[in-house]
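The values are calculated or read from the model by the stated rules, or taken from the named source; none is laboratory data. No experiment lies behind these values; they were computed from the predicted model shown. Please note: Cβ atoms are built from the backbone with ideal geometry, for glycine as well, and neighbour counts cover all protein chains shown. These accessible areas exclude ligands, DNA and RNA; they are computed on the full protein's heavy atoms, side chains included. Shrake-Rupley method; radii C 1.70, N 1.55, O 1.52, S 1.80 Å.
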Amino acid sequence: MKMKKYVAATMPEAMKAIRNELGEEAVILSSKVVYSKGFIGMFKKKSIEVLAGIDTVEPPVHTPDYPVFKQEPDVNHASEIKKELEDLKKMVKSIQRPQLEQQYPEEFQILINHLKQQELAEELITSMSDELFVHEINRDSINIEEQIELTKDYIYNLLKDLPFGGISYERKFINVLGPTGVGKTTTIAKMAARAVLEKKKKVGFITTDTYRIAAIEQLKTYAGLLQAPIEIVYSPKDFQQAVEKFESLDLVFIDTAGRNYKEMKFVEDLQKLIDFKSNTETYLVLSSTSKETDMSVIIEQFVDFPIEKLIFTKIDETNSIGSIINLMVKYNKGLAYYTDGQEVPEDIVEASLEELLDLLLKGIHYERSS
């Protein structure tokens, strides 16, 4: 058997190289994920190391017509070679090796298709599929339930160091940022109502959204229902006066203007108006129905703001949540809440990593049985 080790960035790349060099009859003997250290030990680079082989046909041995004198072979060396060949044949026979006819085994396609429908980033799907492939090579095969658990473990490890959950109640001012139309004001009302009803906190509202009368009236309505004071501010001086008025409150929710934050001017105006460093928590609200590229632009505009976690609204209006995970991984941001309706305060869920993974993989068993 001819054998060779291949190292590539992904399993499909490794298999392409094997197919080109060894042909379609090649089999994978072993594979593993390896990491190389980057600059000063950081930025580790992942690679796939694959050992592949192909049976070779020995040329026929022609017996000469004349006598020859043979040198006595090394019996021990020949015995060792024979044993190695027998062990290799047993290993190849005992493990069901997938042929290199496709990028990933057919039994992975249900999961891969589901993750594509969820719009999980292609690079994440590829990397996760490589991990599954390595597990299958080392354990013969893995069923759909095991694939799901391994996928959960993979994404869990990507996100486990990011913060999850809602208001900490350790800081007084809750800054809520976000573009027009994402449901920011309603989300603030839900957060405030929970603080009042569940935590018995005294809350107040400050709004800087002086561009939209409807937004002010909406927040006034919620403030009235919660018996909470509200201040409308137009300048940094107004903002400071409002802060002084609310000195006795436990929490103050700040509703910022819902503007087109793709334009840097509005970001700079916001930085001048609000003090984001003093006793504050800052959240960025995005709509899960928006294009991921548009959400990326907004996040990048707020790169200089101390945003700790993201909030995603309208999750009930989309069939895919992969963008949430993609953005968290890309920008290293945690997840505070997601909302799934208009009811206040019911339709808001405090995020957890476990529930996010369940949402991502929801419905996959149904797809398997259909």
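Using a 1.4 angstrom probe, figure out how much accessible area region 214-347 has per residue, in square angstrom, rounded to the nearest whole. Before the final figure, lay out each step's value.
Numbers: 6360 Å² over 134 residues.
Spelled out: the 1.4 Å probe surface of region 214-347, per residue, equals 47 Å².
When you filter the GluC sites (Glu not before Pro) in region 115-206 for DSSP loop state and at most 15 other Cβ atoms inside 10 Å of their Cβ, you are left with Glu170. Using a ≥ b ≥ c from the Cα gyration tensor of region 281-346 (square roots of the eigenvalues), is it rounded, prolate or oblate, where a/c under 1.5 gives rounded and otherwise the larger of a/b and b/c decides, a/b for prolate? Judged from the Cα gyration tensor, region 281-346 comes out oblate (a/c at least 1.5, b/c at or above a/b).
So how do Thr180, Thr186 rank on accessible area, 1.4 Å probe, biggest first, that is with the largest at the start?
Thr180, Thr186
Protein-only accessible surface at a 1.4 angstrom probe places the residues Ser248, Ser278 in the order Ser248, Ser278, largest first. For region 159-252, carbon and sulfur atoms together expose 48% of the accessible surface, with a 1.4 angstrom probe and every protein chain in place. For the pair Ile144 and Val349 in one chain, pulling the backbone fully straight at 0.36 nm per residue adds 71.0 nm over the alpha carbon distance. Taking every protein chain into account, the 1.4 Å probe leaves Thr293 with about 90 Å² of accessible area, to the nearest ten.
Ranked from largest to smallest solvent-accessible area, with a 1.4 Å probe on the protein heavy atoms, Lys333, Lys32 come out as Lys32, Lys333.
If contacts are Cα pairs under 8 angstrom and at least 6 residues apart, what is the relative contact order of region 311-370 in percent? About 32 percent, as a whole number.
Among the DSSP beta bridges whose two residues both lie in region 279-370, what percent are antiparallel, rounded to the nearest 5? Working shown, then result.
On the way: 3 of 13 bridges.
Counting only bridges with both partners in region 279-370, antiparallel ones make up about 25 percent.
The chymotrypsin sites (Phe, Trp or Tyr not before Pro) of region 179-254 that meet both conditions, a loop assignment by DSSP and at most 12 other Cβ atoms within 10 Å of the site Cβ, are Tyr211, Tyr234. In this structure, the pairs whose alpha-carbon distance is over 24 Å, taken from Lys16/Lys291; Lys172/Lys309; Lys160/Lys272, are Lys16/Lys291; Lys160/Lys272.
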